[in-house]
Amino acid sequence: MNQLYKYSLDKTSRKFICPNCNKKSFVKFIDNETNNYLNEANGRCDRESKCGYFKKPTSNCITSTYNYDPKVIQPSYHNKTILQQFSNTRQQSNFITYLLANFAPQNVSQAIDKYKIGTSNYWSFATVFWQIDSQNVIHGGKIMLYNRDTGGRIKEPFNHVSWVHKQLKINDFVLQQCLFGLHLINSISKNDIICITESEKTAIILSINFPNYLWLATGSKSGFKESLLQSIKDYKIIAYPDKTEFNKWNTTATLLNKKGYQIQCSNLLENIDIENGGDLVDYLF
Ligand SMILES: [Zn+2]
């Protein structure tokens, strides 16, 4: 096991002017979380015997531990051609059938285009929700099966959730999830409001009905966390946790707001008469 410190000496060959001997032999500390140089004073002079200047950061801490093998921790991504391979035009998924029965066709086809909703034959008429980041890099494709009449998830006899890389049997695929809909962030301005739900389905349906907001989804209860939210730190965010999840999400939001996030956590669903775990779609439709 290796430990990753917040600050470590720059491993590149780049040298700066040493604050002690003024020779270009100074290796600076790097902030591993931002990849920026720490400052002018913290670092080590390479002229060990002649100068020996070495100033460590006063507050260094271990940020993570990992098994040293860069191949293991490097996330995998899908090639863009995969979108066509799992395109909704090949076969209409149950989820799209449900949307078309409840919303205007032009709105549904806009939503398919925006969120790049796909179809998988892993289970017949299953849906693919791609997780694509702001650089249009595809992190993964989540496969889910819905009931075409009710729009509910198929959870019996087992919970129908899988991933495109599993369907394709890419065994060494390292999934690093991002928010669902994150690629749409390039279409909004810094003053626009981002709304976050847990479910991809809910984000899509709310985007049809409330198009003035950008609707993203965490994909799971535990997905409401800084590693996923840091990509939208600069935006005003309204989070809509499922009923009974408010306290957990609100605790996270409060912590993140102290770090400069602007998250408002809605308790709308806690006090209304829907089943536990219900969300905005159960409330509005
Ligand atoms: Zn020096």
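Here, each number is a calculation from the coordinates, and none is a lab measurement. Only a predicted model underlies this, so the values are computations on that prediction, with no experimental measurement involved. Please note: Cβ atoms are built from the backbone with ideal geometry, for glycine as well, and neighbour counts cover all protein chains shown.
Data overview
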read-out	value
Kirkwood-Stokes translational diffusion coefficient of region 2-69, alpha-carbon pairs, 37 °C, 0.692 mPa s, µm²/s	261
Protection-proxy order for peptides 113-126, 33-46, each taking the mean of Cβ atoms within 10 Å per residue, highest first	113-126, 33-46
Antiparallel content of DSSP bridges confined to the chain, in %, to 5	75
Cα gyration tensor, region 1-147 - rounded (a/c under 1.5), prolate or oblate	prolate
Charge dipole of the chain about the Cα centre (unit charges at C-beta), most positive-ward option of I205, T89, S189	S189
Cβ-derived FRET efficiency at R0 30 Å, S231 paired with Q84, nearest 0.05	0.70
The chain: DSSP helices with Cα axial extent of at least 20 Å and average Kyte-Doolittle hydropathy no lower than 1.0	none
Calculated FRET efficiency for the pair L255/S187, C-beta based, R₀ 30 Å, to 0.05	0.55
Full-extension gain in nm, N267 to E33, via 0.36 nm per residue minus C-alpha separation	81.0 nm
GNM top mover of T251, T197, T218 - the chain, alpha-carbon springs below 10 Å	T251
Peptides ranked, highest mean first, by Cβ atoms within 10 Å: ranges 269-282, 15-28, 173-186	173-186, 15-28, 269-282
Top of T150, T12, T127 by mean-square fluctuation, Gaussian network on the chain, Cα under 10 Å	T12
Candidates S13, S222, S134: whichever shows maximal mean-square fluctuation once the chain is modelled as a Gaussian network with Cα springs under 10 Å	S13
Estimated FRET transfer efficiency (N107, D172; beta-carbon r; R0 51 Å; 0.05)	0.80
Shape call, region 185-284: gyration tensor on alpha carbons, a/c limit 1.5	oblate
Segments 236-242, 89-95 sorted - mean Cβ within 10 Å per residue, highest first	236-242, 89-95
Estimated [θ] at 222 nm from DSSP helical runs (n ≥ 4, -39500 (n - 2.57)) normalised by residues in the chain, nearest 500	-5500 deg cm²/dmol
